[in-house]
1. (1) farther than 22 Å from Y185 by Cα; (2) within 16 Å of the chain's Cα centre (by Cα): which one isn't true of W27, the others all being true?
2. Going through T30, T6 one at a time, which residue ends up being of a type outside the set (G, A, S) and part of a strand (DSSP E or B)?
3. Out of the residues in the stretch 133-153 that are out of contact with any helix residue (DSSP H, G or I) (no Cβ under 6 Å at 6 or more places or on another chain) and among the aliphatic types (A, V, I, L, M), which is surrounded by the most Cβ atoms within 10 Å (Cβ to Cβ)?
4. Quick check on the stretch 142-152. Is at least one of its residues at pLDDT 95 or above, out of contact with any Asp or Glu (no Cβ under 9 Å at 6 or more places or on another chain) and either part of a strand (DSSP E or B) or under 17 Å from I25 (Cα atoms) (or both)?
5. Check off (1) more than 12 Å from the ligand (Cβ to nearest atom); (2) assigned to a helix (DSSP H, G or I) for Y68 and give me the number that stays unchecked.
6. Residues in the stretch 73-81: is at least one closer than 20 Å to V155 by Cα, near the ligand (Cβ under 9 Å from one of its atoms) and in a loop (DSSP other than H, G, I, E, B)?
7. What are the residues in the stretch 86-122 that are under 17 Å from the mean Cα position of the chain (by Cα), surrounded by fewer than 19 Cβ atoms within 10 Å (Cβ to Cβ) and near the ligand (Cβ under 9 Å from one of its atoms), if any?
8. Looking at the stretch 33-65, which of its residues are within 12 Å of the chain's Cα centre (by Cα), assigned to a strand (DSSP E or B), near the ligand (Cβ under 8 Å from one of its atoms) and surrounded by 20 or more Cβ atoms within 10 Å (Cβ to Cβ)?
Amino acid sequence: MQYGDTRPDSLPHNPFKAIVTPRPIGWIGTLDPGGLANLAPYSFFNAIGSDPDMVMFSSEGAKHSATYARERGEFTFSLATAALAEQMNTSSAPEPSGVNEFELAGLEQGTPSVIQTPFVAASPAAFECVTLDVRQLSDRHGTLLDRFMVIGEVVQTHIRDDYITDGRFDTVRARPIARMGYADYATVTEAWQMGRPKR
Ligand SMILES: Cc1cc2nc3c(=O)[nH]c(=O)nc-3n(C[C@H](O)[C@H](O)[C@H](O)COP(=O)(O)O)c2cc1C
């Protein structure tokens with residue numbers, strides 16, 4: 001099977017997100033213009049560089065997170081884990097402005113040290129980020145799309161002490177969850193090693 005812009009009838013749902021998988025979930029904290037906290041998950045999310053550490057998330061529509069990250073110039077990332085899956089999902093509810101999804105999901109707000117925006121205190125790891133760029137995406141014809149990619153630089157990293165083992169962040173212990181296609185998720189439950197080739 002192959003297809004271009006038009007998908008065959010045998011694929012009623014676009015498998016794109018089931019193919020580009022597992023996608024890490026950026027659990028994004030922002031502050032609205034009045035200083036109220038906002039929280040939502042984004043699986044169009046990834047690390048895009050290190051030293052300085054940089055991340056991006058992409059909003060399908062001008063949603064609160066992208067709008068506030070642009071207006072305030074900052075956002076936080078919190079690691080979504082199996083233990084926090086329900087709260088993560090609750091925070092994705094399409095709430096109007098004025099609703100604090102930390103409260104909605106029963107999550108304590110972690111206190112940032114460099115920026116103003118809180119993160120998920122219960123998460124094993126979180127980043128404070130300064131917004132570097134918000135790019136409105138366009139397609140191959142140059143048509144502007146209702147898609148906004150937010151790029152941020154990590155300015156402060158929070159790791160809960162019990163997730164550091166022998167000087168390393170214990171990813172498997174944290175049990176990060178990742179988004180696949182449809183309603184599917186994956187959980188990191190094991191790690192294996194492979195060294196890079198040397199010249
Ligand atoms: C696991 C998960 C991943 C999501 N990823 C995205 C995403 O990458 N982009 C997007 O626009 N919406 C995504 N959503 C939907 C948003 O979380 C949802 O629209 C939310 O209400 C946006 O909140 P905000 O307006 O406060 O930013 C995702 C939802 C879930 C549950």
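The values are calculated or read from the model by the stated rules, or taken from the named source; none is laboratory data. All values reported here derive from a predicted model rather than from experimental measurement. Here the Cβ is made from the backbone with ideal geometry for all residues, glycine too, and neighbour counts use every protein chain on show. With ligands, DNA and RNA removed, areas are computed over all heavy atoms of the protein, side chains included. Shrake-Rupley method; radii C 1.70, N 1.55, O 1.52, S 1.80 Å.
1. Against the list (1) farther than 22 Å from Y185 by Cα; (2) within 16 Å of the chain's Cα centre (by Cα), W27 comes up short only on (1).
2. Checking each option against the conditions leaves just T30.
3. I151
4. yes
5. The failed condition is (1).
6. yes
7. The answer is N89, S92, A93, P94.
8. Passing the criteria: L39, A40, P41, Y42, F45, F57, S59.
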